[in-house]
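The values are calculated or read from the model by the stated rules, or taken from the named source; none is laboratory data. Predicted model, so just to flag it, every value in this text is computed and none were measured. Glycine gets a Cβ as well: all are built from the backbone with ideal geometry, and neighbour counts include every protein chain shown.
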């Protein structure tokens, strides 16, 4: 009898750990009630619709908590709601892991694409920054050496002319962007 209880306790703690690793449990679930609800669904309702009140009776967990957990499980794709009742979409813990893996693979494909797009945008921004920095450095170097720098206007006319060329060059570059 003690061996059976120890094995059940071990299974329950492993289920809790599995749910944590899959990020199914919220921080509010300090009593680990989501794994208990999942276990009740896997044992008592496999493929059969079950309501929140029924799950509450079977698990001893209040109905509001059950509904909260069902929404999390539904969001994760493990449960679907049909006519006010919940149906477990997976038949086993292994199926649950396979579904989780598929979802994670889809997410990673999307994240890879997003990362590529960010890298392209950042590279373009870096090229524009480098180019405008070089033009500004040229502008500063030229304006201080320019003969008009000793003129009464302090070389403002020359700087304005060079700035107009810089602005024009930046405008042309932006138009070339996709």
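Points worth noting:
- Looking only at residues in the stretch 15-66 that are in contact with a strand residue (DSSP E or B) (Cβ under 9 Å, 6 or more places away or on another chain) and assigned to a loop (DSSP other than H, G, I, E, B), the one that is surrounded by the fewest Cβ atoms within 10 Å (Cβ to Cβ) is 47.
- When residue 81 is tested against (1) in contact with a strand residue (DSSP E or B) (Cβ under 9 Å, 6 or more places away or on another chain); (2) surrounded by 14 or more Cβ atoms within 10 Å (Cβ to Cβ); (3) not in a helix (DSSP H, G or I), exactly one condition is not met: (2).
- Failed condition for residue 104, given (1) in the same structural domain as residue 14 (by TED's automatic domain parsing); (2) surrounded by 11 or more Cβ atoms within 10 Å (Cβ to Cβ): (1)
- Among all positions in the stretch 49-71, there is no residue which is at negative phi and modelled with pLDDT under 90.
- A search for C-beta distances below 7 Å between a residue of the stretch 75-86 that is within 12 Å of residue 22 (Cβ to Cβ) and any residue that is crowded, with 16+ Cβ neighbours inside 10 Å, counting only pairs 6+ apart in sequence or on different chains, returns 76/24; 77/89; 77/99; 78/88; 78/89; 78/90; 78/96; 78/99.
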